[in-house]
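The values are calculated or read from the model by the stated rules, or taken from the named source; none is laboratory data. Quantities reported herein were computed from a predicted structural model and do not represent experimental measurements. Because the Cβ atoms are built from the backbone with ideal geometry, glycine has one as well, and the counts that use them run over all protein chains shown. Heads up: the accessible areas ignore ligands, DNA and RNA and are worked out on the full protein's heavy atoms, side chains in. Shrake-Rupley method; radii C 1.70, N 1.55, O 1.52, S 1.80 Å.
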Amino acid sequence: MSTIPVSHRVLIFDEYNGPLEVRQFPVPEPEDDELLVKLEYSGICHSDLHAWCGDFAFATVYPLIGGHEGAGRVVKMGAKVKDWKLGDLAGVKLVNDNCLNCEYCKTGNEPLCDRSRMYGFIRHGMFQEYVTIRDVDTIRIPDGMSLAAAAPVLCGGVTAYKALQETNVKAGQIVVITGAGGGLGSFAIQYAKAMGMRVVAVDHSSKKYHCEQLGAEWFVDGFETNDIADHIRKITNGGPHGVVSFASSKKPMEQALEYIRKRGTVVLVGLPKDSKILVDTTPLIFNALTIKGSVIGSRLDTDEAMDFVFRGAVKVPLEFVKLEDVPNVYEKMKKGLVTSRVVVDFSL
Ligand SMILES: [Zn+2]
Ligand SMILES: [Zn+2]
């Protein structure tokens with residue numbers, strides 16, 4: 001076990017859109033019920049860009065160390081920690097510090113707990129070499145699993161997996177995924193396939209090959225297709241049983257409500273800047289439709305999502321960067337040029 005230094009490298013910004021600088025900070029001390037995790041990889045999620053830009057100003061603070069997909073090893077433990085040992089593989093996700101005892105925590109809806117605090121949003125996140133986390137919040141990464149592949153599952157993977165579960169689509173039934181060629185969509189196509197669902201991928205035509213490679217049975221050009229609702233109803237023989245909407249604009253959400261099958265469920269995940277959409281309640285009522293939102297997942301959802309990747313049923317295309325490179329990745333994200341999961345490798 002390597003010795004723990006006094007200070008470590010962090011990537012921090014002092015104000016929204018301000019410079020993202022690598023600085024030396026003291027290595028935190030774990031509390032009695034906490035682990036100190038030495039991160040080896042930290043995934044860069046699209047929400048990190050939003051946090052830096054101040055798009056989620058209602059839910060973020062600054063100065064802030066971003067990042068919420070951290071994977072590493074336990075290097076120190078508080079006195080009361082029982083179920084972990086030094087060297088264990090550990091994942092640190094977005095939502096932590098939930099009370100474990102309220103209605104939402106007790107029913108496996110931990111992200112909805114009023115007491116939960118988000119790493120990389122309202123407390124320092126994973127763009128640092130060492131992080132402390134409460135033992136019960138830490139995700140156990142299976143022995144022998146690649147830590148690099150595990151990191152993006154902690155937000156991207158579990159978000160995609162949970163949204164698919166929320167559609168209630170069964171094996172053999174059809175799910176439409178909008179924004180299918182992006183980070184979350186690329187996860188979702190694979191999870192859906194592994195869960196036995198048949199996938200219609202909707203995205204820009206440039207993403208067609210990518211989506212089909214990942215397992216989409218149909219591809220629909222979301223920009224050039226005339227009467228997309230009619231087209232999707234036709235190819236799915238009456239509409240898909242579920243829709244997962246990752247596209248962060250209003251039109252695809254409204255279209256989903258037009259082509260969803262009777263009794264179907266539309267799950268909204270992607271956040272448009274102007275978040276109000278128009279819902280025609282007559283077909284909603286007469287076709288007995290469901291619209292719901294979905295936000296990340298619980299610890300159990302995370303364990304399950306992790307297992308698909310561990311077994312090789314879901315693959316994570318990775319690109320590695322240095323901590324100093326995160327600002328460049330944000331610039332690429334702004335231009336929509338990121339197709340793989342970009343992960344900070346702290347050994348670089
Ligand atoms: Zn995220
Ligand atoms: Zn709670």
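Considered as an equivalent ellipsoid built on the Cα gyration tensor, segment 91-133 has semi-axes of 22, 9, 7 Å, the largest given first. Judged by the ratio a/c of the largest to the smallest principal axis of the C-alpha gyration tensor, segment 158-293 counts as rounded, that ratio being less than 1.5. Please list, in order, the residues from segment 150-172 whose amide nitrogen is less than 16 Å from a point placed 7 Å along the Cα→Cβ vector of Ser347. Output list for this probe position: 150-151. Taking 0.36 nm per residue of separation and subtracting the current Cα-Cα distance, fully stretching the chain between Ser206 and Arg115 would add 28.5 nm.
Residue ranges 259-269, 96-106, 146-156 sort as 146-156, 259-269, 96-106 when ordered by packing (mean number of other C-beta atoms within 10 Å per residue, highest first). For segment 213-301, the solvent-accessible area works out to 56 Å² per residue, with a probe of 1.4 Å and every protein chain left in place. For the pair Thr290/Val22, report the inter-label distance in nm, with labels modelled 7 Å from Cα in the Cβ direction. The answer from the label model is 4.7 nm. Within the set of other residues whose C-beta is less than 14 Å from the C-beta of Thr290, count the net charge using Lys and Arg as +1 and Asp and Glu as -1. Neighbourhood net charge equals +3.
Report the residue, chosen from Glu258, Glu166, Glu224, that carries the largest GNM mean-square fluctuation when the chain is represented by alpha-carbon nodes joined by springs under 10 Å. Greatest mean-square fluctuation among the candidates belongs to Glu224.
Between Ala79 and Val321, full extension at 0.36 nm per residue minus the direct alpha carbon distance yields a gain of 83.6 nm. Among Leu86, Leu11, Leu39, the largest mean-square fluctuation in a Gaussian network model of the chain, built with springs joining Cα atoms closer than 10 Å, belongs to Leu86.
Report in % the part of the accessible area of the chain that belongs to carbon and sulfur, leaving out ligands and nucleic acids; probe 1.4 Å.
On the way: 8030 of 15830 Å².
Of all accessible area on the chain, carbon and sulfur atoms account for 51 percent.
Here Lys93 is the anchor, and the lysines within straight C-alpha reach of less than 17 Å, apart from those fewer than 8 places off in the same chain, are Lys38, Lys162.
Using R₀ = 45 Å, calculate the FRET efficiency as 1/(1 + (r/R₀)^6) where r is the Cβ-Cβ separation of Val136 and Glu254; round to 0.05.
Working: r = 41 Å, r/R0 = 0.91.
Using R0 = 45 Å, I get an efficiency of 0.65.
Each part reduced to its alpha carbon centroid, segment 107-124 and segment 2-74 end up 16 Å apart.
Place a point 7 Å from Cα of Arg263 in the direction of its Cβ. Which residues in segment 152-169 have their backbone N less than 20 Å from it? Backbone N within reach: 164-169. Starting from the Cα of Ala229, step 7 Å toward the Cβ, then list every residue of segment 269-291 with an amide N under 17 Å from that point. Only 277-291 pass the distance filter. Distance from the Cα centroid of segment 214-267 to that of segment 279-348 is 20 Å (rounded to whole angstrom).
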